[in-house]
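Report on the structure given below.
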Amino acid sequence: MARDSMTRGPNVVHPEKPSAVGSRNSLNRDNRNEYEESKLLIDEEVDKVLNHIHAKLPPEVLEKLDVMGSVKSKLHNYYNQNFQNMYNRYLTTMEDELSKKVRDLVDKEEYRSLNRYTPREVAEILDKIGGIDKFNTGEIEKSIVNIYGHLQGHIQRGMYDLENETNSILRQKTDVGAFVRGENAYAIAKCSFKNNFYKPKTVMDVKLAINILDTELISPIYHYQVPVESIIKDIISKHVHELIDTEITELNNTLIDEGKEELTDIETMFEKIKALDNYVDDDPNNEQSKRYQFIAKRFMDRIVGLGAEIDPDDYDPLNVRENIKKIIDDENIRNRGFNSAVNQLTAVLDTSKMGYQHIENHKNARQCVLREYEDTDVNALPDERYAITLAYFDEEQIRAMRNAYDLQFQELNSEIMKVVNVVEVMYNDFKKNRNVQDYDDIAKHYLSKEPVKKGGWFSREVEEEVEPEAPKIWNEVVFIAPKSTDMDDTDKTNLFIVDELRKRVIRVRSQLNKIFGNQHPKDRVIVENRLHFLELKFEEFEAEVNPYHILPGVLLELNITTVKRKKTTMLSMANVLNEFLYSISKGFHDTAFAEFSRRRSTVREDLAQTFESAG
């Protein structure tokens, strides 16, 4: 019996059994006679051939041929043996495959309707009583989806922690690579490791700055003071570019259907520029301008200068501008981006067991400060601690920061050079009082004499011929810096000036040792204290993020103090940063790869791969 049931299965191979693979017969034929059907087709083809023979052969040849006898039987047998078998088996196979697909489709739909947590009868009764509006299971389904989503998130976070911990143990990383790896490494604006000032042998300070640009944020961030007009224009601009992308996609699909090549990256860019003419216009005063096809000019005129707040004395809930502002506020477009970033950061810190005792969320300024401990006195804080500053900066703020950076750098440079000049004067007095000579004194002594003329002493004629000595350009502290270019002005690093200041501080200390030796009079103590103070402030200033190196967007500054042999806070913060960046940033992507959709190489004529004669 088992053998018979197996031979009746849907995957049996047999030439005659109905609905078997390769069978001439099918259960879907409904008692149709395939032999009679094929006979009609065969007879038609045979008659066509015979008619063709009658039309083409001359009468004397036809008299010698038994056309209706032997030729017809031979043709009939030929077609019967080939055409009938191929035709019937093709139909049978197609019918069987269709029936199997229909059967699988029905089974799938039945399983889908049965795959519920309530019996089918109960669901039908509820639907008949009140319908989907009253007996809605959507909320329960969403809850179950959220439960599974959170479970998957916890499992995934645990796997990330395990992976990061394993990699850290295997690599023993104590450099920049210990924090951000992979696709987010480009976001690092600055990272420096140095020994702690108070405990240099056992404690290490880490300064990390991450810059996430506006174009890379998943949810855009706006300042609290940004006008409603700017928000609406940004939304319309985004919608316009989405429409243009849709047009380009449809154009590529049309080219693909016609068997042509897709648009290249350059062609795509030009097509987008040409498509802009359908949506934007440079005439803001014309009501018929294309820029007003999404929102009328009268509405845009009402909200000019409208900010985040309206004076209560001027507030009228029936005005146009108040209602437009209400729509924007209800959508929460202004606060969505920064609030999401703060929520993500605090949530990651909580789930990563990185607690914080102090938080200041400056919502209007788009800045959030988190510290593990409320105290800021480094002498009273433990050796394992961190502080995070999350802020959003626009172009105007960055320009102001750059101006302040230049002023502060000039002041530090001026004060350090003042100390250098003071010590230089003290060194000259020391040489004069102690009758000490160095190379400058010897050079000044000998070069002040008159040059010797050939064959005799100096003469006035020779003195008039001697060219004056060129002014000294090299300061003998650092090499001559290259001339500043336009690029250097927009990306100031001041590396040559910083290098010169560091070497001048070392030189000042050497001169003080030459002047005073082991003695510490009042003048030396005052100068060294001043030099020490300026050196600390300069190091602190150098540790800050250079505003010339960042662009508008989110800036995350992280200060960590950790024990060198433990590195507990540093390793835990690495997991926090990777998950935070994954949650708020789209990351960098190459447009050429991101827009890659399909290739037409398989339909090219030169790659047809057919066996043909070359001629």
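The values are calculated or read from the model by the stated rules, or taken from the named source; none is laboratory data. Only a predicted model underlies this, so the values are computations on that prediction, with no experimental measurement involved. Don't worry about glycine lacking a Cβ; one is built from the backbone with ideal geometry, like all the others, and counts go over all protein chains shown.
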When residues of the stretch 198-217 are limited to those that are in a loop (DSSP other than H, G, I, E, B) and out of contact with any strand residue (DSSP E or B) (no Cβ under 7 Å at 6 or more places or on another chain), the one modelled with the lowest pLDDT: 198
Test: residue in the stretch 373-383 that is surrounded by fewer than 17 Cβ atoms within 10 Å (Cβ to Cβ) and under 25 Å from residue 214 (Cβ atoms): no
Residue check for residue 465: more than 30 Å from residue 403 (Cα to Cα), over 60 Å from the mean Cα position of the chain (by Cα) and either surrounded by fewer than 10 Cβ atoms within 10 Å (Cβ to Cβ) or modelled with pLDDT under 75 (or both): yes
Filter result for residue 169 (more than 27 Å from the chain's Cα centre (by Cα) and modelled with pLDDT under 80): yes
Residues within the stretch 346-377 that are basic (Lys, Arg), closer than 23 Å to residue 397 by Cα and not in a loop (DSSP other than H, G, I, E, B), tallied: 0
Meets criteria (surrounded by fewer than 14 Cβ atoms within 10 Å (Cβ to Cβ) and either within 30 Å of residue 571 (Cα to Cα) or in contact with a Ser or Thr (Cβ under 6 Å, 6 or more places away or on another chain) (or both)) for residue 305: no
Residues located in the stretch 378-393, provided they are of a type in the set (S, T, N, Q) and not in a loop (DSSP other than H, G, I, E, B): 389
Residues of the stretch 472-515 classified as without any contact (Cβ under 8 Å) to a residue 60 or more places away in the chain and in a loop (DSSP other than H, G, I, E, B), total: 16
Residues of the stretch 242-297 classified as surrounded by 12 or more Cβ atoms within 10 Å (Cβ to Cβ), in a loop (DSSP other than H, G, I, E, B) and in contact (Cβ under 8 Å) with a residue 40 or more places away in the chain, total: 6
Candidate set from the stretch 500-541 (those that are of a type in the set (Asp, Glu) and crowded, with 16+ Cβ neighbours inside 10 Å); member that is farthest from residue 585 (Cα to Cα): 528
